[in-house]
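Okay, structure first, notes after.
The values are calculated or read from the model by the stated rules, or taken from the named source; none is laboratory data. Since this is a predicted model, take the numbers as computed values, not measurements. In this analysis, Cβ positions are derived from the backbone assuming ideal geometry, glycine residues included, and neighbour counts consider all displayed protein chains.
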There are 2 protein chains.
Amino acid sequence: MVNTIGIVGLGLIGGSLARRLVGRGCRVVAWNHRPHPYADARRDGIECVDTLAQLAQERPDIIMLCNPLRAMPQVLADLKDVIDRDATTLSDVGSVKAMVRSQVADAGLADCYVGAHPMAGTELSGFSASDPGLYDGALWAITVDEHTNYQRFLAVANLITEQVGNRAIVLDDATHDRAAAMISHMPHAVSTALIGELSASPDRNIAAALAAGSWRDMTRVALTDPERTRAMIEEDASNVESLLRELSGRLLAFADDLHRGDDEAMTRFFAEGQPFRDYKSRGAVNDAEPFALDIDEAGWQGELLESARRGEHIIRFTAPRQVLVEVRSAL
Amino acid sequence: MVNTIGIVGLGLIGGSLARRLVGRGCRVVAWNHRPHPYADARRDGIECVDTLAQLAQERPDIIMLCNPLRAMPQVLADLKDVIDRDATTLSDVGSVKAMVRSQVADAGLADCYVGAHPMAGTELSGFSASDPGLYDGALWAITVDEHTNYQRFLAVANLITEQVGNRAIVLDDATHDRAAAMISHMPHAVSTALIGELSASPDRNIAAALAAGSWRDMTRVALTDPERTRAMIEEDASNVESLLRELSGRLLAFADDLHRGDDEAMTRFFAEGQPFRDYKSRGAVNDAEPFALDIDEAGWQGELLESARRGEHIIRFTAPRQVLVEVRSAL
């Protein structure tokens, strides 16, 4: 059982997590780079400290890094000499995982690290926008590599399933970052390209006048802070690049199909996404019963990755080497 | 003043329009290719007839074709010998305009035709999904060519601004179809390509599990009936084709920027859509006062197209040759 959680960064994600954990009976100690949210945070039962050294001295079971990714190297540099590596496992909520793991390794903290990424967020930011309900029904990716310590993994997994009350899947960094590029980072670039197209058109006022729901939905994410979007894309640049090349080729091939009036090829183009349409139309309804998976001591990382590939989500650990899973996203 | 409106096709668009017009005091006579919505439609005050000939015999001021575009040639063939061309103006709500005008011309009905396209719709279909509120605040494109009779144009424009209570812009077919491809038909293809990419990925279950708001919004339109989407794209094929080639090139250029880490080019990529972000952030707030435009007898089509290009929307006709406009979508 996790007793004390350290939170670095009381923004939207860290603040919401801290408040949720306090509300569910955890002791939470937090540090923020500026103390402005401390008064509100203390009212919510969060213990706030002035330095990262003080946070480390509390010897939290887990320190969850919820700071912006650009601050990660500095935070890790400040933590590396003060953290009690035996007592504390280091984790983070960053939206790209390979980069963070390499920064953690550069700081010499690889041995006590387990990555994490909660699928939760809004377009808002800051502690004032935080909300424990942000995590309602959220799924976390837990990212591991072949060196990840199983006990530390278990501590982070239990934090997520027991203390936060969420579900989880286990991935390697590369799979996580590729999947995140697919469903978020690359689409952000596409959305940005769409508003670039419209803005460059001599008929832009007419096009904007005719725009309805499809345009609004396809371009919503292009309206959010372009600096934040750019940072997100650059942090996962090689995955975004290769997916953009693929998508660009797919669009060009469809333009050729249209040009030739190739009936069969067009049928294929529309059929390719049918597994996703079927998956969405099934909705959250799931008749499958949860079932137990035993986890081997060797190769547990690969086993849990395969479970994620089958669309299984971890509900909770029923024993140190047994996990209850449920099929939730099988296309 | 329009007295009787004929509606062909009681689907989502036609049914909602019929119910709205009845609710605003018009007499509406409707025909549907199958009579299944008639009981409900009659309860709503819509007069339903069994044949297109009966509809034509009512000599409606305007017959609004709200049938699916694939049915257009047959509907026009059935109407051409029964319509009273002196009494009735023919219009339609189709989402592409060049194709419909050419079908109308093929049926020998060009002289009594004025095109229209309301920017309203949902992913639902059928009379059971109809809702007079679907047209709340909607903008219509009215499409004309150099032969369009001004009085017939005025009748359709007044139907839209007075009876339906909406705004309008006046376009030629080519400009309409290019703009509609930009904000709807092409993005539908992009959305379809995105779910094709995900479905083809070996990590599709993981990607689907990680998907959140940005993916949901970017792919919503790909979940609607792919047959309907395909028809819409094929009806505007050459515009969609050329926009897809442009977008594909834009995405490829950005992939190259990412690969090179070209800071300046990336800044340009994110800046290109800034006029649209600024336009959206101004929202519906509009300090400009409505003002009157006089319409010349000669060249009125081009004058009103220029007005649309300046971002002006027609509020209503204050005299047969004077229109009240308001700047609503200037990027």
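The rows are residues; the columns are (1) modelled with pLDDT of 95 or more; (2) more than 19 Å from the chain's Cα centre (by Cα); (3) over 25 Å from residue B:133 (Cα atoms).
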{"position": "B:2", "(1), (2), (3)": "no, yes, no"}
{"position": "B:8", "(1), (2), (3)": "yes, no, no"}
{"position": "B:14", "(1), (2), (3)": "yes, no, no"}
{"position": "B:20", "(1), (2), (3)": "yes, no, no"}
{"position": "B:31", "(1), (2), (3)": "yes, yes, no"}
{"position": "B:41", "(1), (2), (3)": "yes, yes, no"}
{"position": "B:48", "(1), (2), (3)": "yes, yes, no"}
{"position": "B:62", "(1), (2), (3)": "yes, no, no"}
{"position": "B:94", "(1), (2), (3)": "no, no, no"}
### Message
Here is a list: B:160, B:183. Which entry is in contact (Cβ under 8 Å) with a residue 24 or more places away in the chain and buried (at least 17 other Cβ atoms within 10 Å of the Cβ)?
### Response
B:160
### Query
Where residues in segment A:282-331 are assigned to a loop (DSSP other than H, G, I, E, B) and of a type in the set (S, T, N, Q), which of them is farthest from residue A:175 (Cα to Cα)?
A:286
### Identity of the residue in segment B:295-325, under 21 Å from the mean Cα position of the chain (by Cα), over 14 Å from residue B:153 (Cβ atoms) and without any contact (Cβ under 8 Å) to a residue 12 or more places away in the chain, that ends up surrounded by the most Cβ atoms within 10 Å (Cβ to Cβ)
B:309
## Note on the structure
residue B:94 fails exactly one of (1) assigned to a loop (DSSP other than H, G, I, E, B); (2) away from chain A (no Cβ under 14 Å), namely (2)
#### Entry: residue A:204 being within 12 Å of chain B (Cβ to nearest Cβ), of a type in the set (Lys, Arg) and buried (at least 22 other Cβ atoms within 10 Å of the Cβ)
yes
### Query
Can you tell me which of B:17, B:21 is touching a residue at least 60 places away in the same chain (Cβ under 8 Å) and farther than 30 Å from residue B:234 by Cβ?
B:21
### Selection count, segment B:181-201, where residues are hydrophobic (A, V, I, L, M, F, W, C) and more than 7 Å from every other protein chain (Cβ to nearest Cβ)
2
### Summary
Filtering segment A:170-180 for residues that are crowded, with 24+ Cβ neighbours inside 10 Å and more than 7 Å from chain B (Cβ to nearest Cβ) leaves a count of 3
### Task
Please find, within segment B:263-304, the residue that is farthest from the other protein chains (Cβ to nearest Cβ) out of those that are among the aliphatic types (A, V, I, L, M) and touching a helix residue (DSSP H, G or I) at 6+ places or on another chain (Cβ under 7 Å).
B:295
### Task
Please find, among B:6, B:25, the residue that is farther than 15 Å from residue B:155 by Cβ and not aliphatic (A, V, I, L, M).
B:25
### Task
Would you list the helices (runs of 4 or more DSSP H) that sit entirely within segment A:150-223 and hold 3 or more residues that are under 30 Å from residue A:317 (Cα atoms)?
A:150-158, A:173-180
### Task
Test each condition in (1) within 18 Å of residue A:202 (Cβ to Cβ); (2) outside any helix (DSSP H, G or I); (3) over 24 Å from the mean Cα position of the chain (by Cα) for residue B:250 and report the one that comes out false.
(2)
### Query
Any idea which residue in segment B:66-87 is farthest from the chain's Cα centre (by Cα), counting only those that are under 24 Å from residue B:171 (Cα atoms) and surrounded by 22 or more Cβ atoms within 10 Å (Cβ to Cβ)?
B:76
### Query
Does any residue in segment B:30-45 that is closer than 11 Å to residue B:127 by Cβ come within less than 6 Å, Cβ to Cβ, of a residue that is part of a loop (DSSP other than H, G, I, E, B) and of a type outside the set (Asp, Glu) six or more places away or on a different chain, and which pairs are these?
B:30/B:10; B:30/B:46; B:32/B:10; B:37/B:10; B:41/B:10
### Task
Provide a single number: the residues in segment B:211-228 that are over 30 Å from residue A:118 (Cα atoms) and more than 7 Å from chain A (Cβ to nearest Cβ).
3
### Task
Filter segment A:106-137 down to residues that are surrounded by 15 or more Cβ atoms within 10 Å (Cβ to Cβ), assigned to a loop (DSSP other than H, G, I, E, B) and in contact with a Ser or Thr (Cβ under 6 Å, 6 or more places away or on another chain), then give me how many there are.
3
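Yes/no matrix, rows are residues, columns are (1) more than 24 Å from the chain's Cα centre (by Cα); (2) within 21 Å of residue B:191 (Cβ to Cβ):
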position	(1), (2)
A:221	no, yes
A:224	no, yes
A:231	no, no
A:236	no, no
A:246	no, yes
A:257	yes, yes
A:260	yes, no
### Lone qualifier among B:137, B:133, B:121 - being at negative phi and either at pLDDT 95 or above or out of contact with any helix residue (DSSP H, G or I) (no Cβ under 6 Å at 6 or more places or on another chain) (or both)
B:133
### Selected residue (only one of B:245, B:216, B:167, B:250 is under 22 Å from residue B:121 (Cα atoms), outside the structural domain of residue B:94 (by TED's automatic domain parsing), of a type in the set (Lys, Arg) and surrounded by fewer than 24 Cβ atoms within 10 Å (Cβ to Cβ))
B:216
